[in-house]
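One structure below.
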Amino acid sequence: MKTIFFYILLGLTTSFSVVAQSNAIKTGDDGKSWEITTHSAGYRLEVSSSGGVNAAYYGNRLNLERPGRATVSEIPVRGGYVSATPMLEVVFPDGVRDVELEYKASEITAIDGYPALKIVQCDKFYPLEITSCIRVLPEYDMIEKWVTVTNTGKKGAIRIENLLSGSVSLPKDAYELTHYSGVWGYEFVPQTTKLTQGTKTIQVKDFKSYGSSSFMVRPEGENDKYAGKVWFGSLSYSGNWRLDFDKSFAGNVQIVGGMNFWDQEVNLKPGQSLTTPRMLFGYTEQGVEGVTMSLASYAREKVLPVAHREQIRPVLYNSWYATTFNVNEEHQLALARVAKELGVEMFVIDDGWFKGRVNDKAGLGDWTVDRNKFPDGLKPMIEKINAMGLDFGIWIEPEMVNPNSDLYRAHPDWVFHFPNRQRHEGRNQLMLNLAREDVCQYLYKYISDLLKENNIKFIKWDMNKVLTDPGFPSAPTDEQRAVRIKYVENLYRLVETLRKEFPEVWFENCSSGGGRIDLAMMSRFDFNWTSDNTDPVDRIFIQDSYLTLFPANSMISWVTHEDWHRMEPSLEFKFDVSMAGVLGVGYDITQWDEGQKKIATEKIAQYKAIRETVQKGNVYRIVSPHEGNRSILQYTDKSQKKAVVFVYQLAEYPANSTTETQRSPLVKLRRLSPDARYQIEGIKDAYSGKFLMEVGVEFPMRGAFKSRIFVVSAVE
Ligand code: DGJ
């Protein structure tokens, strides 16, 4: 990588080149109004009488039949009446803080195969241009919004105090918001709250979120899983982000989101631009299932890195839970030998392999192999592992440094810090300031050397500390508060450069578990580590949420000895939980007896037989663990000829003891082919798809912490 630079500030004034018409975006005869449609949604924009661009409420596409003026500003700004949460807040060189936008130009173009509407507006007096882009994904029922702001003047910087990615407004109604938040070990907990007059803000201020920027808004009381209106969205950004749900007294809700400008500003010099990340907005009439169908399919089919997008994911072994920092060649080889015997395909050494890394107090930053643990280096071990027929992967945490490391001793100024202020450590580590070019070059060099010198096929990229002390004292004063934006841009650039150079390497995204999972990471990493909590019961809940929003082939799940609640679940149960995504094993398998090995071998073989459907199929959450004492997941392949149903029993109550036991035991499957006949493994007789969907079957299961996987196959 020759140069990594702060490219978002270097754009030029927009010039349109590609012109593409499409049914998804129609321009009115006057050339100053537009209708956007997806499968279910319609969105109208027009130039208003005051010259700016307004939008109508976002929702059912039939609304487009009703003539009505677009009344909400497409780019709400600070200026004039404060009727909405602004997307744009600036200070001009003379101190004026209000913006007045007017329409200048528009074009329909194509971006990565999808139609996009670009609208240019300019301030009526000052040299500020803003281009808003709306990319339409009709089959996913989604639109993507982002904006670029440019200083078109000749002198003086425009201070950007806030620039969000996109805003939509919902028609008047009573609404409930569901979002996903959490803490370490308990990621993606769904939270539902009524929206009342005022603003509900969800935000990240320290680069870590154990939740998601994905959200759903539904009319209050509507909770049919398979039907009903849902507005949803997600932000493609991995730094600090913010979502606002702003409800007026009248009942309309504005949803607006983007980078979090808390303690952040960008000074745009003449000719410079700032482009926001993309914000996804969607609308479905198919309840939460419709949201999953849109978001997860979109991520699986269009977002995950192209290099491996279609590839079946390997079965992994990861050494973290078996060894923590106590790694050496002999034990790693012993683990690999057993892993191979069980059917594992990729062996990953986790933390602990590099210089001085005897515990979490030292070593981060010194990315050379620890010769005390591996006297001959990594190479001979990797060769032996490869000779067993296993691919090899390795853990790194590039963005961090321990103060007790050669790197920090040589470059104490490479971390985020303020002069005269404490450097706040977390897990005995500090965060490198990736906004610095020299830091990026250093990281690029050590990772690319590692990959060039060793046959490494998998990188687990960890990030364990939250961002503190976000100072960049050596940067010009007027650039210092843009440091977080620069950091994220350089992180993306670094990963992209590495992936381009080493296209065969798989990348896993980890941040003390699921601390940094979003669509932007997903476009650069093949997998996510969703949680350090590998207790299978907790995992059922975490996975239920994850699979609501993201695809199963991006979710790594290991079988480990962890049993956080002393429930003593069986090994079979643990495997069944981990088989709902990309299967991994994390036990010290050298200690296993023949019985454990037999179970693992059989389970891994079973996983390989179903993984095509698990990894590439659509996931239907038939019963959520939040609803009762079970979790049932159905994965169906595209042809609808094969489905796999995971049934997890979390409790067993005597008949008639609870309302739940008085309900029908029949489980209705989803989205099979109604006329096809299906045989369910372990259940007598074949049934039509219509029967399975409308009447349902009883899965023969008893007892708490019991699980079974049922393969459903179409019969001729
Ligand atoms: C945190 C990760 O989430 C774990 O899986 C493991 O890689 C440790 N870091 C290693 O330090």
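The values are calculated or read from the model by the stated rules, or taken from the named source; none is laboratory data. In this text the structure is predicted, and so the values were computed from the model without any measurement. Every residue, glycine among them, receives a Cβ derived from its backbone with ideal geometry; neighbour counts consider all protein chains shown. Just so you know, the surface numbers come from the protein's heavy atoms only, side chains and all, with ligands and any DNA or RNA stripped out. Shrake-Rupley method; radii C 1.70, N 1.55, O 1.52, S 1.80 Å.
A few remarks follow.
- Residue check, ASP366 surrounded by fewer than 16 Cβ atoms within 10 Å (Cβ to Cβ) and touching a residue at least 40 places away in the same chain (Cβ under 8 Å): no
- Checking each residue in region 669-712 for being of a type in the set (Gly, Ala, Ser), under 19 Å from ALA580 (Cβ atoms) and outside any loop (DSSP other than H, G, I, E, B) picks out only SER707.
- Matching residues, region 338-365, being assigned to a strand (DSSP E or B), within 12 Å of the ligand (Cβ to nearest atom) and touching an Asp or Glu at 6+ places or on another chain (Cβ under 9 Å): VAL348, PHE354
- Entry remark, region 322-337: residues being open to solvent by 50 Å² or more (accessible area, probe 1.4 Å) and away from the ligand (no atom under 16 Å from the Cβ) number 3 in total.
- Within region 500-509, the set of residues being more than 16 Å from the ligand (Cβ to nearest atom) and open to solvent by less than 30 Å² (accessible area, probe 1.4 Å) comprises PHE502, VAL505.
Residues checked against (1) modelled with pLDDT of 95 or more; (2) within 29 Å of the chain's Cα centre (by Cα); (3) of a type in the set (Asp, Glu):
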site	(1), (2), (3)
GLY617	yes, yes, no
LEU633	yes, yes, no
ASP675	yes, no, yes
ARG702	no, no, no
SER707	yes, yes, no
GLU716	no, no, yes
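- Residue within region 655-666 that is free of Cβ contacts under 8 Å to residues at least 40 places away in the same chain, in a loop (DSSP other than H, G, I, E, B), over 30 Å from ARG300 (Cα atoms) and touching a helix residue (DSSP H, G or I) at 6+ places or on another chain (Cβ under 7 Å) present: yes
- Flag if ASP593 is of a type outside the set (Lys, Arg), away from the ligand (no atom under 16 Å from the Cβ) and open to solvent by 10 Å² or more (accessible area, probe 1.4 Å): yes
- Pick from region 124-171, criterion surrounded by 21 or more Cβ atoms within 10 Å (Cβ to Cβ) and of a type in the set (Gly, Ala, Ser), ranking: farthest from MET259 (Cα to Cα): SER169
- Scanning region 518-554 for residues that are in contact with a Gly (Cβ under 6 Å, 6 or more places away or on another chain) and either surrounded by fewer than 24 Cβ atoms within 10 Å (Cβ to Cβ) or over 30 Å from PRO503 (Cα atoms) (or both) yields a count of 2.
- Test: residue in region 73-96 that is open to solvent by less than 30 Å² (accessible area, probe 1.4 Å) and over 18 Å from SER167 (Cβ atoms): yes
- Between VAL401, VAL439, VAL415, the distinction of being under 19 Å from VAL358 (Cα atoms) and either surrounded by 22 or more Cβ atoms within 10 Å (Cβ to Cβ) or out of contact with any helix residue (DSSP H, G or I) (no Cβ under 7 Å at 6 or more places or on another chain) (or both) belongs to VAL401 only.
- Scan of region 555-578 for residues that are farther than 12 Å from ASP535 by Cβ and open to solvent by 40 Å² or more (accessible area, probe 1.4 Å), ordered by number: SER570, GLU572
- Restricted to region 95-187, the set of strands (runs of 3 or more DSSP E) holding at least 3 residues that are of a type outside the set (Asp, Glu) and within 21 Å of TYR58 (Cβ to Cβ) comprises 101-111, 114-123, 128-137, 142-151, 166-170, 175-183.
- Flag for SER512 being within 16 Å of the ligand (Cβ to nearest atom) and in contact (Cβ under 8 Å) with a residue 60 or more places away in the chain: yes
- Of all residues in region 472-492, those satisfying the criterion of being of a type in the set (A, V, I, L, M, F, W, C) and either part of a helix (DSSP H, G or I) or within 16 Å of the ligand (Cβ to nearest atom) (or both) are ALA482, VAL483, ILE485, VAL488, LEU491.
- Per-region count, region 379-398, residues aliphatic (A, V, I, L, M), open to solvent by less than 10 Å² (accessible area, probe 1.4 Å) and not in a helix (DSSP H, G or I): 3
- Residue check for ASP469: of a type outside the set (S, T, N, Q), away from the ligand (no atom under 16 Å from the Cβ), outside any helix (DSSP H, G or I) and farther than 30 Å from ARG630 by Cβ: yes
- Pairing each residue of region 415-429 that is acidic (Asp, Glu) with any residue that is modelled with pLDDT of 95 or more, provided the two are 6+ apart or on different chains, yields C-beta distances under 9 Å for GLU425/ASN402; GLU425/PRO403; GLU425/LYS465; GLU425/THR468.
- Region 186-212: number of residues that are in contact with an Asp or Glu (Cβ under 6 Å, 6 or more places away or on another chain) and surrounded by 16 or more Cβ atoms within 10 Å (Cβ to Cβ): 1
- Residues in region 449-466 that are outside any loop (DSSP other than H, G, I, E, B) and in contact (Cβ under 8 Å) with a residue 12 or more places away in the chain: LEU450, LEU451, GLU453, PHE458, ILE459, LYS460, TRP461.
- If you check SER405, SER448 for being within 16 Å of the ligand (Cβ to nearest atom) and either at positive phi or not β-branched (Val, Ile, Thr) (or both), only one passes: SER405.
- Candidates GLY586, GLY628, GLY581 - the one that is more than 29 Å from GLU330 (Cα to Cα), open to solvent by less than 20 Å² (accessible area, probe 1.4 Å) and touching a residue at least 12 places away in the same chain (Cβ under 8 Å): GLY581
- Test result for ALA651, among the small types (Gly, Ala, Ser), part of a loop (DSSP other than H, G, I, E, B) and without any contact (Cβ under 8 Å) to a residue 12 or more places away in the chain: no
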